Amino acid sequence: MRPNVKSLELNERALKVTPGPQSNLAGAWLGEPPLFMVRGKGAHLWDVDGNEYIDYTNGLGPGILGYA
């Protein structure tokens with residue numbers, strides 16, 4: 001997996017204008033910055049850095065990316 005450089009940059013920008021950019025608590029618990037997703041198809045998601053993920057959490061992304 002490639003480094004999440006663009007997600008890190010977007011997280012820094014988001015922290016300046018929002019109280020907390022994370023849409024779930026998992027990242028807060030792990031100390032990891034959130035990923036910024038740009039596309040979804042079926043159970044697959046892609047972040048701004050081009051990394052592909054499978055949504056094993058069954059639905060933390062459908063509300064914004066429209067797959068259900």
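The values are calculated or read from the model by the stated rules, or taken from the named source; none is laboratory data. Here the structure is a predicted model, which is why all the values come from computation and not from measurement. Every residue, glycine among them, receives a Cβ derived from its backbone with ideal geometry; neighbour counts consider all protein chains shown.
Just the residues that are surrounded by fewer than 17 Cβ atoms within 10 Å (Cβ to Cβ) and at pLDDT 85 or above, please, taken from the stretch 13-41.
Arg13, Val38, Arg39, Lys41
Across the stretch 43-53, which residue is surrounded by the fewest Cβ atoms within 10 Å (Cβ to Cβ) among those that are at pLDDT 85 or above and over 12 Å from Asn4 (Cα atoms)?
Selected residue: His44.
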